[in-house]
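Input: a single structure, listed below in structure tokens.
The values are calculated or read from the model by the stated rules, or taken from the named source; none is laboratory data. If you're wondering where the values come from, they're calculated on a predicted model, not measured in any experiment. Accessible surface areas use protein heavy atoms only, side chains included; no ligands, DNA or RNA. Shrake-Rupley method; radii C 1.70, N 1.55, O 1.52, S 1.80 Å.
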Amino acid sequence: MKIKLDDLTDKRTIELISTHLAGMAENSPSESIHALNVAGLKQNEITFYSAWENDEIMGCGALKELTFKHGEVKSMRTAEIHLKKGVARAILKHIINEAKMRGYSRLSLETGSMEAFQPALKLYESFGFTYCEPFDKYTDDPNSLFMTLNLL
């Protein structure tokens, strides 16, 4: 598996983002969806990564700079046929390492509170993320959980 910086122009990457958004719509009410579309992921403060095996996309994730010391994990998704292969773990490790190299002291994320998000929650917990209050522009929402990781 090779994780690379992705410019979001490859149709396979765009399809994975579409799948991600569809999955969010299936499992969360529309007012609680904070996933970004391709245009949203192309913002200057977001760095997008994808994982590949040969010419097949395996998964993706992004790092958003909130402040010069605080980053946010965005758009974590594993392609269905690559579930349970360690793709999400590898991407999250890559994002955490990048956040540390940037000098961030904290990395946070928002995810769903429904049953469909349990595998993601277990992954984040295994890396040491702990539950926290809403951060940045998020507000209390029973459909969202917020987590943070101290990088110092």
Shape call, the range 11-136: gyration tensor on alpha carbons, a/c limit 1.5: rounded
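Please tell me which of these pairs span more than 28 angstrom C-alpha to C-alpha: 2/137; 100/122; 69/93; 4/85; 85/137; 11/122?
Numbers: 2/137 33 Å; 100/122 22 Å; 69/93 18 Å; 4/85 18 Å; 85/137 33 Å; 11/122 30 Å.
Violating the 28 Å Cα-Cα cut-off are 2/137; 85/137; 11/122.
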List the relative contact order of the range 1-150 as a percent without decimals, with contacts defined as Cα pairs under 8 Å and 6+ residues apart. 20 percent
For the range 1-110, report the accessible area per residue in Å² (1.4 Å probe, heavy atoms, rounded to an integer). 52 Å²
Let a ≥ b ≥ c be the square roots of the eigenvalues of the Cα gyration tensor of the range 1-78; is it rounded (a/c under 1.5), or, if not, prolate (a/b larger than b/c) or oblate? oblate
Just how much of residue 106 is accessible, in Å², when a 1.4 Å probe is used and the result is rounded to the nearest 10? 90 Å²
Counting only DSSP beta bridges fully inside the range 23-152, the antiparallel percentage to nearest 5 is 85 percent
Take the solvent-accessible surface of the protein heavy atoms, probe 1.4 Å, and return the percent of it on the chain that carbon and sulfur atoms account for. 51 percent
Determine the calculated [θ] at 222 nm for the chain from helices alone, applying -39500 (n - 2.57) to every DSSP H run no shorter than 4 residues and normalising by the residue count; nearest 500 deg cm²/dmol. -9000 deg cm²/dmol
